[in-house]
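Single-structure report; data block below.
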Amino acid sequence: MNSVQFTKVVGPACVQDLGRVGQLALGLPLGGTMAPSRLRALNFSIGNDPHAAGLEVFGSVTFEVTHATRFAVDGGPAERLEPGQSRTITTDGQRLRILALEGGIDVPSVLGGRGLLPHARMGGHDGRWLRSGDVLPLGALPGADGVHTPHEALPSTPHAELLVPLFPGPDAHLLLSMEHIYAASFRLSRTSDRSGVRLEGSSIDLVSREPGAPSLPLVPGAVQVPPNGLPIVLGPDHPVSGGYPVVAVVARSALEPLFVAPLGSTLRFVPSR
């Protein structure tokens, strides 16, 4: 059986796929990679099923394989790694990098997904982030001839100001006006994680919320405003319900560019058209 060994892991890194569909009733968010289009493209480039699990790297990883294996990292072409060779993947100024390996990372599927859900300690490799020395199995190689469609390099995320389109949320009436949030400028906080992107900068003022307001079901991209007025854009590992006002929801097409943007980037919200 082919396997990959991570000889050195610095910073967070975890197994992720395209998520767990239809598990909200069990209290589980969709989860999955923060960059689904990148993972699909990388899997396609090495002949994997698009749902094959890969790796999200938020620091750096060095890895080796037991059999000759093709791999691909966002921003570069597919490569071939021979036994005895090693490669190091780093974020290189990006928020995260995606690594796909031929055959896919073959950890057990848990409730329809292989990806790590950190807060539930499930999925991924034994329900945890990777550590130096971890060995993970790879699935069967897709083909014996080793010929695959070339991988077109994906562009790096620019550091220019992000323009993020919004729809009004169920608590939009608590804003003084939607124009108030559109006029504000924010930075992506370095305290952000897979549960949510925390924003710094302008504070959003709300009118008083009714006492005892019920918790709302939540989705990725929901924009919550906690008591300090600094918004949180919920990520793939979001809580499935919550009591903070949801004043807006990020357009689905804008989620991946937001989630992969380097922390510290500036952001402005704009009306969705």
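Taken together, the values in this text are just the output of simple stated rules run on the coordinates, not laboratory data. Just so you know, these numbers come straight off a predicted model, no measurement behind them. For neighbour counting, all protein chains shown are included, and Cβ atoms are generated from backbone atoms with ideal geometry for every residue, glycine included.
Report the Rg/Rh value for the stretch 57-113, based on alpha-carbon coordinates and the Kirkwood definition of Rh.
In the stretch 57-113, Rg relative to Rh is 1.00.
Which distance in nm do the two modelled labels at Ser203 and Ser86 give, with both placed 7 Å along the Cα-to-Cβ direction?
4.9 nm
Relative contact order for the stretch 3-137: what is it in percent, counting Cα pairs under 8 Å that are at least 6 residues apart?
34 percent
Taking a label point 7 Å from the Cα of Ala183 along the Cα→Cβ vector, which residues of the stretch 233-273 have an amide N closer than 20 Å to it?
Hits in the stretch 233-273 for Ala183 at 20 Å: 247-248, 267-272.
Would you please state which residues of the stretch 184-224 a label at His173 would reach in this model, taking the label point 7 Å out along Cα→Cβ and a backbone N cut-off of under 14 Å?
207-211, 213-214
Hey, with R₀ at 22 Å, roughly what FRET efficiency would Lys8 and His119 work out to, going by the Cβ-Cβ distance, to 0.05?
Given R0 = 22 Å and the Cβ-Cβ separation, E is 0.25.
Check Gly196: other-chain or 5+ apart residues with amide H under 5 Å from its amide H, H built from backbone geometry?
Result for Gly196 returns Gly235.
From the C-alpha coordinates alone, can you work out the Kirkwood hydrodynamic radius of the stretch 162-271, in Å?
13.7 Å
Describe numerically, in nm with one decimal, the distance between label points set 7 Å from Cα along Cα→Cβ at Ser109 and at Arg190.
4.0 nm
Find which of Pro12, Ala78, Val223 sits farthest along the positive direction of the dipole of the chain, computed with +1 on the beta-carbon of Lys and Arg, -1 on that of Asp and Glu, about the Cα centre.
Among Pro12, Ala78, Val223, the one farthest towards the positive end of the dipole of the chain is Val223.
Quick one: work out the % antiparallel among DSSP beta bridges in the chain, nearest 5. Numbers along the way, then the final one.
Details: 50 of 55 bridges.
Of all bridge pairs located within the chain, approximately 90 percent are antiparallel.
What list of ³J(HN,Hα) couplings, whole Hz, do you get for the stretch 4-17 from phi and the Karplus terms 6.51, -1.76, 1.60, once you set θ to phi - 60° and write x for glycine and proline?
Working through the residues one at a time gives 10, 10, 9, 6, 8, 10, 10, x, x, 8, 8, 6, 9, 10 Hz.
Whole angstrom only: what separates the Cα centroid of the stretch 178-211 from the Cα centroid of the stretch 68-102?
A separation of 35 Å, based on Cα centres.
Plugging the Kirkwood radius over Cα pairs into Stokes-Einstein for the stretch 3-137, at a temperature of 25 °C and a viscosity of 0.890 mPa s, what D comes out in µm²/s?
Numbers: Rh = 14.6 Å.
Rounded, D is 168 µm²/s.
Helix-derived [θ] at 222 nm for the chain: sum -39500 (n - 2.57) over DSSP H runs of at least 4, divide by residue count, nearest 500?
After summing the helix terms and dividing by residue count, I get -2000 deg cm²/dmol.
In what sequence, highest mean first, do 77-90, 33-46 appear when ranked by Cβ atoms within 10 angstrom?
Numbers: 77-90: 13.7, 33-46: 22.4.
Sorting 77-90, 33-46 by mean packing, highest first, produces 33-46, 77-90.
Given +1 on the Cβ of Lys and Arg, -1 on the Cβ of Asp and Glu, and no further charges, what dipole in debye does the chain carry about its Cα centre, rounded to the nearest 20?
Dipole about the Cα centre, nearest 20: 280 debye.
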